[in-house]
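Shown next, in structure tokens, is the structure this report addresses.
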Amino acid sequence: MKKSLLLASLLLTAPFAASAAEGISYSYVEGGYQAFDIDEPGDGNGNDADGWALRGSYALTDNLHVFGGYSQMDVDSLGDGLLYNTDAQLDGARVGLGVNFELSSRLDMVARGAYEWNKLEHDKTKLANGDVVGLPTSYLRGYSFEMGVNAALVKNRLNASAFMGYQDGTSEISGSNYRNENNGIGYGRVGLEGVFNPNWSIVADAKIYDGSDIEWFVGPRFTF
């Protein structure tokens, strides 16, 4: 049902304006610092990680673009009541297709769908009782879709974006038959882009789940 809605939204955008809003580009590469902070209910702890990310987008036509990204973060803690400190690495990748159409000279409507992949690889984990153990590698594979707007707030100086989205996936543990169909989760994502010149800018965005869990990114962008 959700995939059908995404397909319908992509098809419905096709007849609209054949250009992006002025000052908004869908061909760029960016890299920078990425982190997440996820609160765990009940124990006051959380999942914290930080590292780097490389992301990009390419306009196939005036109204169609592909996008993707890869990130690698070191996990500082897993606070689910059992795991307190961990030496682990979280890798993530996504690739997708988006459509954009012009609502006004400074505002685009955008719809995107993506394949999502994540791997959590443990080295050593300290349990609540003090024991240090090794844990198997786990994977999360799934999809996401989102709709929102890109806006040129100040011409050639400041752009902003706001999206609402949904993602879902399946968890697996390496070397076992474990497989769990996760409950899907909604999210909001907001971003700002400070433009220096036609090629260079600085971007920052935050992806917010459940009102308090935040994944965020900041770094330079090269537009071509």
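Read-outs throughout are calculated quantities, based only on the coordinates presented, and are distinct from any laboratory measurement. The model shown is predicted, which means the values in this text are computed figures rather than measured ones. For neighbour counting, all protein chains shown are included, and Cβ atoms are generated from backbone atoms with ideal geometry for every residue, glycine included.
Computed from phi, the 3J(HN,Hα) profile of segment 168-182 under the Karplus parametrisation 6.51, -1.76, 1.60 (θ = phi - 60°) reads 8, x, 10, 8, 9, 10, 4, x, 9, 8, 5, 8, 10, 7, 6 Hz, with x in place of Gly and Pro. Legend: ranking of residues K119, K155, K207 from fewest to most surrounding C-beta atoms inside 10 Å; resulting order K155, K119, K207. Taking every C-alpha pair closer than 8 Å and separated by at least 6 residues, the mean separation divided by the residue count of segment 141-218 gives a relative contact order of 24 percent.
Placing dummy labels 7 Å off each Cα toward the beta-carbon, the span from T170 to D210 is 2.4 nm. Please name which of G148, S161, W200 has its Cα lying farthest along the dipole of segment 126-224 towards the positive end, using unit charges on Cβ (Lys, Arg +1; Asp, Glu -1) and the Cα centre as origin. Toward the positive end, the furthest listed residue is W200.
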